[in-house]
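A.B. asks: Here's a structure for you.
Read-outs throughout are calculated quantities, based only on the coordinates presented, and are distinct from any laboratory measurement. In this text, all values refer to a predicted model and were calculated from it rather than measured experimentally. No Cβ is skipped: glycine too gets one built from the backbone with ideal geometry, and neighbour counts run over all protein chains shown.
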C-alpha cells in the first residue's frame, strides 16, 4: 500500500494544495455517489410504484458515474493506489527501481497532460449541444475526463519531483 497522503511531504505548500484538492474531490465523489443512489432508488420507485418512470434519471446518473470514476482515478494517482504492476520493480536493484519509478511518473504525467488537452478540446467542442432529457451541456460528459487529466498531470509531476529530491515516501505493494 502507501503511506497516508498526509505523510507525503517534500514540496511544502504544494503538498497542502494537493491534499486540499484530494479532500474536495473526496467530498464531491461521496456526494455524487449518494445522489446517484438516491436517483436510482427514485427511478425504481417511479417505475414500480408510480408506474411513471422518470426518464431524466439515466443521463444524470451517467454524468455522476463519470464524475465518480474520473475524480477517483485522480485521487488514486495521488495516493499511489492506482492499478500498477510492481513485481518487476520489486525484483530489480534499487538503481533500476528508481529509473522505473521515474519512467512511470513521467508516463503518467504525459498521459494526464494528453487527457487534459484532448479532454478540454472535447469539452469545448461539445459544450453548445445539449444532453437529451436533461437539457444540460453535452460537454459535462467529458469535463470529468479533463479534470482527471489535470489531476494526474500535477500529482505525477509532484511524485516525480519528490522522487528526484529524495523525498518520495511511496511504497510499492504486490498485495
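A.B. asks: So in segment 60-72, with the set limited to residues that are closer than 15 Å to residue 139 by Cβ and under 12 Å from the mean Cα position of the chain (by Cα), which one is surrounded by the fewest Cβ atoms within 10 Å (Cβ to Cβ)?
C.D. replies: 66
A.B. asks: Consider residue 42 carefully, then state whether it is in contact (Cβ under 8 Å) with a residue 12 or more places away in the chain, more than 10 Å from the chain's Cα centre (by Cα) and surrounded by fewer than 14 Cβ atoms within 10 Å (Cβ to Cβ). Explain how you work it out, then say what you get.
C.D. replies: Working: in contact (Cβ under 8 Å) with a residue 12 or more places away in the chain: yes; more than 10 Å from the chain's Cα centre (by Cα): yes; surrounded by fewer than 14 Cβ atoms within 10 Å (Cβ to Cβ): yes.
Yes; evaluated as a whole, the condition is true for this residue.
A.B. asks: Right, next: Tell me, please, whether a residue that is crowded, with 17+ Cβ neighbours inside 10 Å, in contact (Cβ under 8 Å) with a residue 40 or more places away in the chain and over 27 Å from residue 14 (Cβ atoms) can be found in segment 80-101.
C.D. replies: No: segment 80-101 contains no residue that is crowded, with 17+ Cβ neighbours inside 10 Å, in contact (Cβ under 8 Å) with a residue 40 or more places away in the chain and over 27 Å from residue 14 (Cβ atoms).
A.B. asks: Here are the criteria: (1) touching a helix residue (DSSP H, G or I) at 6+ places or on another chain (Cβ under 9 Å); (2) under 30 Å from residue 98 (Cβ atoms); (3) outside any helix (DSSP H, G or I). Tell me which single one residue 134 does not satisfy.
C.D. replies: Looking at each condition in turn, residue 134 falls short on (2).
A.B. asks: Do you know which residues across segment 47-59 are assigned to a helix (DSSP H, G or I), surrounded by 14 or more Cβ atoms within 10 Å (Cβ to Cβ) and either out of contact with any helix residue (DSSP H, G or I) (no Cβ under 8 Å at 6 or more places or on another chain) or touching a residue at least 24 places away in the same chain (Cβ under 8 Å) (or both)? So that I can check it myself, show each step before the final result.
C.D. replies: Narrowing segment 47-59 to residues assigned to a helix (DSSP H, G or I): 47-48, 57-59.
Restricting the remaining residues to those that are surrounded by 14 or more Cβ atoms within 10 Å (Cβ to Cβ) gives 57-59.
Across segment 47-59, the qualifying residues are 58, 59.
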